[in-house]
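A short reminder: the numbers here are calculations on the coordinates, not readings from a lab. Given the structure is predicted, the values throughout are model-derived calculations rather than measurements. Virtual Cβ from ideal backbone geometry, glycine too; neighbours counted across all protein chains shown.
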Amino acid sequence: MSEVPETELPEQHNDPFRTRCAMLVSVLAMVLAIASLGGNNASKESMVNNILASNAYSFYQAKNIRQTEYKIAAADIEIQLAQDKASPAAKALLEKKLADYQKNIARYESEPETGEGKKELMAKAKEYEHERDHAMAQDPWFDYAEALLQIAIVLTSVAILTGARALFWVPCGLGILGILATINGFILLI
């Protein structure tokens with residue numbers, strides 16, 4: 001009588017149970033790779049859009065500070081003009097300077113041709129925040145999917161090793177949940 005070493009499994013040709021388990025592991029591993037990719041992309045997208053939103057808000061703040069400086073300077077000129085102590089030449093120069101300042105104030109408020117006015121910057125920042133929030137909503141679903149799929153793969157391996165046919169249905173259920181979580185990670189139905 002020859003003994004089979006403990007490290008080797010006995011050969012079982014065309015065992016449908018093992019074939020089903022192997023196919024299940026293959027499908028679960030494929031979906032796991034997709035979920036992992038989706039999770040990595042969602043994390044990167046979240047980080048990039050957070051940086052872009054922060055940059056847009058910083059640029060908005062810089063524009064706001066410059067605009068406020070022009071508003072203060074324009075108010076000073078208006079006070080000088082109201083005092084009516086300036087000569088006609090000085091008054092003309094102040095009025096020209098006031099018009100330039102007011103043009104800059106308006107340009108800082110909205111500059112559609114360049115997209116760098118405060119109004120446009122705020123819209124960009126809000127869009128980046130929306131994209132970031134969307135990616136952050138996706139990320140946990142991919143995490144859930146990865147965990148469920150990994151557990152399902154391990155339990156399928158246990159079913160193969162032990163030959164416990166009843167154990168096969170537990171990883172099937174977990175695998176279905178993992179697949180649904182992966183799909184939801186992409187389309188966010190829930």
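By how many nm would the segment from Leu188 to Glu111 lengthen if fully extended, with 0.36 nm per residue of separation less the alpha-carbon distance?
24.2 nm
Sticking with the crude label model, points 7 Å out along Cα→Cβ, report the distance from Ala29 to Glu95 in nm, one decimal please.
Inter-label distance under the simple model: 8.3 nm.
How do 143-152, 71-80 rank on mean C-beta neighbours within 10 Å, highest first?
Peptide ranking by packing, descending: 143-152, 71-80.
So what is the relative contact order for the stretch 16-130, in percent, with contacts set as C-alpha pairs under 8 Å and at least six apart?
Worked out over the stretch 16-130, it gives 34 percent.
Exceeding 22 Å between C-alpha atoms, which entries from my cross-link table qualify? They are Lys63/Lys119; Lys91/Lys119; Lys71/Lys103; Lys71/Lys119; Lys63/Lys91; Lys71/Lys118.
Pairs exceeding 22 Å: Lys91/Lys119; Lys63/Lys91.
Roughly how tilted is helix 118-162, in degrees to the nearest 10 and between 0 and 90, from the longest Cα axis of the chain?
Value to nearest ten degrees: 10.
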